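Just below is one structure, and these are the notes that go with it.
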Amino acid sequence: MPKLPLSEPVSPIAALPPGSIVSLVGGGGKTSALFSLARRQDHPVIVTTTTKVGVNQIQAADIRLTPEAFLRDPERAVQRHVVWVSDLNGEPGGQKVSGLRLPDAEKIAAAVKNCGYSMIVEADGAHCSAIKAPADHEPVVPPQTDLVVACIGLSVLDRPADDSTVHRLPLFLKCTNAEPGAPIGADTILKLVRHPRGAFKGVPPGAEKILLLNQADNGPLVDRARSIGTEALTTGVDRVWITCLKRGAWIAELRNDTK
């Protein structure tokens, strides 16, 4: 398989081995992370969702295909770097594209692995919130997933835990033992990361856990992200990515060197 020219600056941060299946969960910029991560790779990447995304958002892909068109001949279908695969009609009267059903996502993931591409799935919804706790039916993660990336936006730091900042507030409060309206601090984020029904709920056995701390918009926030990330690595997280995706910046990668 020929190497493709990178669409973003060359960096070892967030490089994916060919054949990787990645599921993005949480809040704080998953769709931006999906496309930015895809364009960092030097091999073709299939991007999709098992929830819903805006019709306008999928225009960031180089080409858009239905699952049927992709699965008929995966190698011939992928002639471009970033390929969106899903139902392309959108919801009747709406502005959302419906996600893949899990059986279809599994078929596409199998084809992706066979071809040596990668696949990145937006597997969770957050209604544009920077942080959330998942409901019983969330996230919808394909079982072949190799890496689960839990996204949290640093814009929530020091803001009150209420419906304006948190998606599924009652579940979030239950996971973090936070009081309604209490400021969200680093300890709150770490409790969400550690809780079995929190940021990494539903991770398939053997999958790598990566915490993506987005919205590191300035030096102090980068420092706070490094502190949160360093502590997260002691709680079972394998890697931490620190980003400012509105600038397309992948700032740092922290690793758990004990594994």
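Computed from the coordinates by the stated procedures, all read-outs in this text should not be read as laboratory data. All of these numbers come straight from a predicted model, not from anything done at the bench. Here the Cβ positions follow ideal geometry from the backbone for every residue, glycine too, while neighbour counts run over all protein chains shown.
Miscellaneous remarks
- Legend: distances between Cα atoms for LYS113/LYS191; LYS52/LYS132; LYS96/LYS209; LYS30/LYS191; LYS52/LYS191; LYS191/LYS246; pairs beyond 23 Å are LYS113/LYS191; LYS96/LYS209; LYS52/LYS191; LYS191/LYS246.
- For ALA110 and ARG197, a Förster radius of 35 Å and the Cβ-Cβ distance give a FRET efficiency of 0.75, rounded to the nearest 0.05.
- Convex hull volume per residue, computed on the Cα atoms of segment 58-109, equals 77 Å³.
- The distance between label points at ASN56 and ALA135 comes to 2.5 nm (points 7 Å beyond Cα on the Cα→Cβ vector).
- Considering segment 129-227 at the alpha-carbon level, its Rg and Dmax are found to be 13.4, 38 Å.
- Size of electric dipole in segment 102-241: Cβ of Lys, Arg +1 and of Asp, Glu -1, about Cα centre, debye, nearest 20: 220 debye
- Over the chain, dividing the summed -39,500 (n - 2.57) contributions of all DSSP H runs of at least 4 residues by the number of residues returns a 222 nm mean residue ellipticity of -7000 deg cm²/dmol.
- Selected from VAL121, VAL53, VAL149 as most flexible by GNM, with the chain as the system and alpha-carbon contacts under 10 Å: VAL53
- Shape of segment 86-162, Cα gyration tensor, a/c cut at 1.5: oblate
- Simple rule: put +1 on each Lys or Arg Cβ and -1 on each Asp or Glu Cβ in the chain, find the dipole, and look at GLN59, HIS195, ILE152; the Cα lying farthest toward the positive end is GLN59.
- Counting only the Cα atoms, the chain fills a convex hull of 122 Å³ per residue.
- Mean Cα-pair separation over length for the chain, i.e. relative contact order, pairs under 8 Å, 6 or more apart, %: 21 percent
- Converting phi to 3J(HN,Hα) with the Karplus coefficients 6.51, -1.76 and 1.60 and the offset θ = phi - 60°, segment 116-130 yields x, 7, 10, 9, 10, 10, 7, 10, 7, x, 9, 6, 6, 7, 7 Hz in sequence order, with x at every glycine or proline.
- Nonlocal amide H pairs with ILE120, under 5 Å, H built at 1.01 Å: VAL22, ILE46, VAL47, THR48
- FRET E, pair ASP87, ILE13, Förster distance 41 Å, beta-carbon r, rounded to 0.05: 0.80
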